[in-house]
Amino acid sequence: MDTKQSGKEVLDVAIVGGGVSGLYSGWRLLTDGGLKRGSVQLFESSGRLGGRLLSVTPPDMPQARIELGGMRFTTGQETVKALVDYLQLPTVDFSVGEANNVAYLRGKHLRTGDLTDPDKIPYVLTDDERANIKDGFTVLAAQRFLQKVLGVDHVDLKTVDWEKLARSGRYEGTLLRDLAMRYVYNRSVSHEAFQYAEDTSGYDSIYFTWNAADGFPWNLSDYGATIEYKRLVEGYESLPLTIAHRYTEAGGITHLKHRLVRFDKTRLPDGKDGIELHIEHDGHEQVMLARKLVLAMPRRSLELIEQSGAVLAPEHHEVHRLIQSVVPIPLFKLALCYRTRWWEKLGITQGQSVTDLPIRQCYYWPVGDDTEAGAILIYDDGLDLDYWAGLRDNPVKFTNQGHAPSSEGLPADEWNDHPAPQLMVDEAHRLLLQMHGLQDHSDLRPYAAAYRDWGDDPFGGGANFWPQHVESYDVGHRIIHPVSNVPVYICGEAYSHAQGWVEGALATAEEMLQSHLGLKPPPYLQAAPVDSSPDSTTKVK
Ligand SMILES: Cc1cc2nc3c(=O)[nH]c(=O)nc-3n(C[C@H](O)[C@H](O)[C@H](O)COP(=O)(O)OP(=O)(O)OC[C@H]3O[C@@H](n4cnc5c(N)ncnc54)[C@H](O)[C@@H]3O)c2cc1C
């Protein structure tokens with residue numbers, strides 16, 4: 001590969017990563033950071049912006065925006081909500097638990113509304129658990145273990161100082177953060193109650209991987225609050241794309257298909273410290289100079305950059321300890337489109353259904369009122385992924401029928417960019433029918449499918465969780481500026497306290513912008529979501 005030096009231009013800030021946190025940082029730096037037009041440039045390795053927000057339109061459903069990545073936010077997520085309001089992006093309610101939806105568990109066909117009736121569910125619960133089933137067992141487990149940790153008879157989960165517990169809380173003498181969430185959960189309620197909670201959640205990662213100090217608050221983040229789920233009418237991708245538009249209007253420059261290969265500290269032509277970036281584009285490597293570098297990307301992406309230089313060289317053990325402090329959670333989405341919405345005959349129109357079969361959860365996706373067709377979005381994560389491994393690797397892809405949209409500004413090949421393995425479609429369809437109690441029939445077969453596996457590089461997973469033996473608040477602050485005398489900053493969902501959410505990506509970007517790059521909170525955030533504890537300014541020596 002030949003290397004080109006791209007003149008003597010020195011950028012004020014080079015941002016690497018065109019997901020929501022990178023675009024947001026660029027826009028904020030240009031609009032509120034006093035940087036001049038053209039002095040902030042963003043480099044994205046793929047051919048599109050948005051990262052893990054990816055909204056696609058299937059053939060013959062021109063109004064539908066199906067989310068192959070992030071799909072919803074809650075009204076309790078301050079930064080996202082404020083930003084969506086500020087940008088005036090249209091939203092609609094996002095339906096989850098409809099009473100009529102399916103819960104197919106342990107071979108029993110139930111409706112979601114049955115799940116709070118202990119006599120109907122196929123789980124053997126204790127009397128206490130039966131009495132508490134409406135609140136959910138994560139609440140019960142948390143109340144019980146916190147009574148032990150805090151030495152009190154009653155715990156109000158709304159007032160728990162989780163950060164303090166993550167730093168120093170102990171369960172039977174062991175630091176909470178050194179214990180698996182699953183262990184503490186199972187010590188606090190019966191295994192049947194735990195299994196019920198896991199099976200009915202539809203997820204296979206959210207009670208695993210975590211340490212107890214970070215996993216419980218993440219799972220209880222909505223506890224006691226009156227929140228609603230919302231989605232963006234134009235797809236969640238419209239958030240980063242709108243920010244990208246504003247960024248460009250403010251003088252930001254974006255380079256697609258530009259991959260950061262390596263970087264190092266350097267002396268700039270004016271004698272000041274800066275960063276030399278080696279960027280690969282179209283088979284060539286070019287060198288850029290910048291006063292500051294923002295890496296807006298998750299753990300796996302950081303590890304794919306050449307491990308050399310003043311930040312990433314292997315001898316920087318502390319930096320690598322920080323980077324390795326989260327575990328990427330592999331997960332995929334598979335969308336199946338049907339000519340008729342056969343689930344409506346079962347009284348189901350929208351929201352989530354769950355099962356302990358390996359498809360685990362599905363959403364009946366809103367597709368607009370101009371079609372009789374319908375879409376089901378399957379979302380699978382964590383432990384169940386090995387079930388699909390051999391099917392996913394099969395090279396035969398499902399053949400889409402119908403016409404991909406080519407009007408209204410939507411790219412025609414968007415859907416076809418994400419072909420689904422035929423064997424996965426066949427198996428997912430079989431399991432869908434089983435969980436709905438239906439026999440297969442040629443009229444019921446899907447006509448289009450799309451698949452996105454976020455375990456693929458450069459993501460390594462769809463979300464990142466804090467495992468055992470990690471002091472997450474310490475890592476979260478330190479990793480933003482991992483080496484004190486090198487102007488390299490890291491932000492994004494991975495090292496946040498709203499992992500797996502856009503909220504986490506934006507909150508870490510705000511902390512970086514306010515605590516390290518000198519910006520004031522934006523007008524739409526009344527109170528800045530940055531941590532002002534002394535540790536937030538502590539740097540790795
Ligand atoms: C299936 C799924 C469901 C989800 N559901 C929700 C949800 O409902 N609600 C919600 O709020 N969040 C959800 N999330 C999480 C949300 O999508 C992420 O938290 C958020 O999009 C992450 O943004 P980011 O900027 O931190 O990183 P990313 O979006 O990962 O962006 C990183 C970018 O960096 C680029 N990159 C990596 N390496 C390089 C390199 N060397 N050079 C140049 N570019 C590089 C990547 O291509 C990527 O574009 C979900 C995620 C997934 C995958």
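The values are calculated or read from the model by the stated rules, or taken from the named source; none is laboratory data. Quantities reported herein were computed from a predicted structural model and do not represent experimental measurements. Cβ: placed from backbone, ideal geometry, glycine included. Neighbour counts: every protein chain shown. SASA here: full protein model, heavy atoms, side chains in, ligands and nucleic acids out. Shrake-Rupley method; radii C 1.70, N 1.55, O 1.52, S 1.80 Å.
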Residue in the range 111-120 that is touching a helix residue (DSSP H, G or I) at 6+ places or on another chain (Cβ under 7 Å) and free of Cβ contacts under 8 Å to residues at least 12 places away in the same chain present: yes
Residues of the range 433-449 that turn out to be of a type outside the set (D, E) and either without any contact (Cβ under 8 Å) to a residue 12 or more places away in the chain or assigned by TED's automatic domain parsing to the domain that holds M297 (or both), as a count: 4
Lone unmet requirement of (1) under 30 Å from Q401 (Cβ atoms); (2) of a type outside the set (A, V, I, L, M); (3) buried (at least 21 other Cβ atoms within 10 Å of the Cβ); (4) not assigned by TED's automatic domain parsing to the domain that holds G437 for E67: (4)
Residue list for the range 161-213, filter: more than 26 Å from H477 (Cα to Cα) and hydroxyl-bearing (S, T, Y): Y183, Y185, S188, S190, Y196, T200, S201, Y203
Neighbours by Cβ (under 7 Å, 6+ apart or cross-chain): first from the range 258-283, in the same structural domain as F43 (by TED's automatic domain parsing); second β-branched (V, I, T) and away from the ligand (no atom under 15 Å from the Cβ): K265/V486; L268/V10; P269/V10; G274/V10; G274/T266; I275/T266; E276/T266
Verdict on R28 being of a type in the set (D, E, K, R) and open to solvent by 10 Å² or more (accessible area, probe 1.4 Å): no
Within the range 51-64, considering residues that are away from the ligand (no atom under 12 Å from the Cβ) and of a type outside the set (A, V, I, L, M), the one most open to solvent (accessible area, probe 1.4 Å): Q63
Qualifying positions in the range 225-261 - part of a strand (DSSP E or B) and open to solvent by 30 Å² or more (accessible area, probe 1.4 Å): Y229, K230, R231, I253, T254, H255, R259
Whichever residue in the range 98-120 is farther than 9 Å from S353 by Cα and of a type in the set (D, E) and, among such residues, is surrounded by the fewest Cβ atoms within 10 Å (Cβ to Cβ): D119
The range 417-449 - residue that is within 16 Å of the ligand (Cβ to nearest atom) and more than 24 Å from Y104 (Cβ to Cβ) and, of those, modelled with the highest pLDDT: H418
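Let's see how each residue does on (1) closer than 21 Å to S39 by Cα; (2) more than 26 Å from the chain's Cα centre (by Cα):
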site: P240; (1), (2): yes, no
site: I243; (1), (2): yes, no
site: T248; (1), (2): yes, no
site: I253; (1), (2): yes, no
site: E276; (1), (2): yes, yes
site: Q286; (1), (2): yes, yes
site: L293; (1), (2): yes, no
site: P298; (1), (2): no, no
site: E303; (1), (2): no, no
Qualifying residue in the range 481-504 (condition: of a type outside the set (D, E), assigned to a helix (DSSP H, G or I), under 28 Å from T75 (Cα atoms) and touching an Asp or Glu at 6+ places or on another chain (Cβ under 9 Å)): yes
Residue ID - nearest to the chain's Cα centre (by Cα), chosen from residues in the range 451-489 that are polar (S, T, N, Q) and either under 23 Å from D178 (Cα atoms) or crowded, with 23+ Cβ neighbours inside 10 Å (or both): N464
Residue in the range 243-259 that is of a type in the set (F, W, Y), within 14 Å of the ligand (Cβ to nearest atom), closer than 21 Å to L54 by Cβ and touching a helix residue (DSSP H, G or I) at 6+ places or on another chain (Cβ under 8 Å) present: yes
Residues of the range 293-320 classified as away from the ligand (no atom under 16 Å from the Cβ) and open to solvent by 20 Å² or more (accessible area, probe 1.4 Å), total: 7
So G34, is it open to solvent by 10 Å² or more (accessible area, probe 1.4 Å) and either more than 15 Å from the ligand (Cβ to nearest atom) or in the same structural domain as W501 (by TED's automatic domain parsing) (or both): yes
So R28, is it more than 14 Å from the ligand (Cβ to nearest atom), farther than 30 Å from Y447 by Cβ and at pLDDT 95 or above: no
Residue that is farthest from Y379 (Cα to Cα), among those in the range 497-508 that are more than 8 Å from the ligand (Cβ to nearest atom) and buried (at least 24 other Cβ atoms within 10 Å of the Cβ): A507
